[in-house]
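Report on one structure; see the data block that follows.
The values are calculated or read from the model by the stated rules, or taken from the named source; none is laboratory data. Just so you know, these numbers come straight off a predicted model, no measurement behind them. Cβ sites come from the backbone with ideal geometry, for glycine too, and all protein chains shown count toward neighbours. Ligands, DNA and RNA are stripped out before the accessible areas are found, and what is left, the full protein with its side chains, is counted by its heavy atoms. Shrake-Rupley method; radii C 1.70, N 1.55, O 1.52, S 1.80 Å.
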Amino acid sequence: MKITAIGLGKPFYNYPNSYGCKNKANSSAPNTKGADIFCFKGGLSDRIGIVSTAQPTELEKNIEKKIGVAPIETTVKKFANGEIYVNIGDVRGKDVYLMPANNPNVNDNLMETYLKADAAKRAGAKKVIAIMPNFDYARQEKKTESGEPIAAKLNMDLLKTSGVDELITEDFHTLALEGFASRSMPVTHLESMPLMRDYLKAKNIQDMVIVSPDAGGIKRAEKLAKALDCDKAVVYKHRERHNEAIAEDVIGNVSGKNCVLYDDLIDTAGTITEASKLLRQKGAKDIYIFATHGLFNGSAMDKIEKAPVKDVVVTNSVPKKSESVDKIKQLDISSQIVEAMKSISAK
C-alpha cells in the first residue's frame, strides 16, 4: 500500500483531478501516482504552539500576526512572596515558541522563561524554542576581576536545564556567546545590520562615516561600513566604573562628515552620548545613533534628549518605554524571527 503525504506548500487539485493526470514533469503537484491513501500534512497551527506573555508587545503581536498562529492560553502570576506561577494550555506534540518576557525586572523575565520551558516539556511539547532577541546577562561573558561569575554562560546552562531545545536571538553582545550553548541546543543568531543598512540607504545620507563607540564594536562597524561602501572610525574610551564611560579620542576622519554611531545596545546611554559629544568637538556634522537593543535605563532618555544627535534608531527587540523621546525610532524585527520559526519547524 502506498501512502502519499501532501504538505500545505503544494497545490491541491480537487477530486478527480488530483490523480495521476496532473503529475506531469513540469508540474509542482505532488506525485500521487499509484497512491492508495492520501493524507495531508497539518499547517503551522498544527505544528507550532506560541506561549504568549501577559502583556504582548508590538513585536509579539507582529510575530503572531505574520506566523498566523493564535497563542495558547497561558497564565502567569505572582504569589505574595514573589514566586512566579505559570500554567500553559495544550502543547502536546508541538514546537513550542516562548515569546520574550517583558517585565521591567530582567530576573523575573528569565525565571518566567525557565518555568514556561519546564511546563511545556512536562506537557508533552515536541520541542521548546525560546525567543530572546536581547539575551540577558550577555555583557557578563567573561571574568575581568577575580571572584566574578560568568553569568552569560550560566544563563545558557539554565535555559538548557529548564527544557529549552533551541534559542532565537538577535545581535549577541559578542559572537563568542554562541559557544556557551550546548551542542544539543542550537542557536539561531539573527543580525539587525541588514535592517540598519536598508534604513540608511533610504535616508540617502551623504559623506557618511560609521563610527564604533568603542574598540569592542569595531568589527560590527566595519561590517555596516562595508555594506554601505563608506568610511569608518572608532572612539577610544575607558570606564572608571560600571555604566560610566569617558570618551577620549577618535581614530579616523570625522570632520565635516555625517556620523553614524553603531552599537549593539544602549543601556544608560553614557557611552553613546559621550561619544556623540566628542564627535561634535571633532567637527562632525549630523550625528545619528544606531543600536539593536534600546534598553534606555536610568537617565538615558535625558542624556539622549540633550546629546547632539539627530535620530536614535533601535529595533523593537525591547518594548518602547512610555517616556521615550521623539528622537527614538524603532525598526521591526518580527519578519526575521518569523522566518527563523518557519525554518526550525519545517525540519
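Numbers for the structure displayed
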{"read-out": "Å² per residue, accessible surface of region 92-248 at 1.4 Å", "value": "51"}
{"read-out": "Amide hydrogen neighbours beyond the local backbone of VAL313, cut-off 5 Å, H modeled", "value": "ILE289, PHE290, ALA291, LYS329"}
{"read-out": "Subset of LYS226/LYS342; LYS142/LYS232; LYS219/LYS329; LYS257/LYS277; LYS203/LYS327; LYS127/LYS342 violating a 19 Å alpha-carbon distance limit", "value": "LYS226/LYS342; LYS142/LYS232; LYS219/LYS329"}
{"read-out": "Point-to-point label distance, GLU248-GLU178, nm (Cα→Cβ direction, 7 Å offset)", "value": "3.3"}
{"read-out": "Rounded to the nearest 10 Å², the accessible area of LEU190 at probe 1.4 Å", "value": "30"}
{"read-out": "Gain upon complete extension [ALA54, ARG280; 0.36 nm per residue less C-alpha separation]", "value": "77.0 nm"}
{"read-out": "Sparse-neighbour loop sites [GluC sites (Glu not before Pro); region 44-108; at most 11 other C-beta within 10 Å; DSSP]", "value": "GLU73, GLU83"}
{"read-out": "Carbon/sulfur fraction of accessible area - region 202-347, other protein chains in place, 1.4 Å, %", "value": "46"}
{"read-out": "Potential lengthening between MET193 and ARG122 on full extension [0.36 nm per residue; Cα-Cα distance subtracted]", "value": "21.8 nm"}
{"read-out": "Gain upon complete extension [GLU305, SER255; 0.36 nm per residue less C-alpha separation]", "value": "15.7 nm"}
{"read-out": "Per-residue HN-Hα couplings for region 223-230 [Karplus 6.51, -1.76, 1.60; θ = phi - 60°; Hz; x = Gly/Pro]", "value": "5, 5, 4, 5, 5, 9, 6, 9"}
{"read-out": "Residue-normalised accessible area of region 253-347, given per residue in Å² at a 1.4 Å probe", "value": "38"}
{"read-out": "Table column - 3J(HN,Hα) (Hz), region 87-92, Karplus curve with 6.51, -1.76, 1.60, x for Gly and Pro", "value": "9, 10, x, 5, 10, 4"}
{"read-out": "Accessible heavy-atom area order of SER322, SER52, SER343, highest first, probe of 1.4 Å", "value": "SER322, SER343, SER52"}
{"read-out": "Separation in nanometres of the label points that stand 7 Å from Cα toward Cβ, at LYS342 and LYS61", "value": "2.3"}
{"read-out": "Accessible area of region 60-172 belonging to carbon and sulfur atoms, whole % at 1.4 Å probe", "value": "49"}
{"read-out": "Backbone HN-Hα couplings from phi across region 114-128 [Karplus 6.51/-1.76/1.60, Hz, Gly and Pro as x]", "value": "4, 5, 5, 4, 5, 4, 5, 5, 5, 8, x, 4, 5, 8, 10"}
{"read-out": "GluC sites (Glu not before Pro) within region 262-325: DSSP coil, no more than 13 neighbouring Cβ in 10 Å", "value": "GLU323"}
{"read-out": "DSSP-assigned coil residues among trypsin sites (Lys or Arg not before Pro) in region 99-160, each with at most 10 further Cβ atoms within 10 Å", "value": "LYS143"}
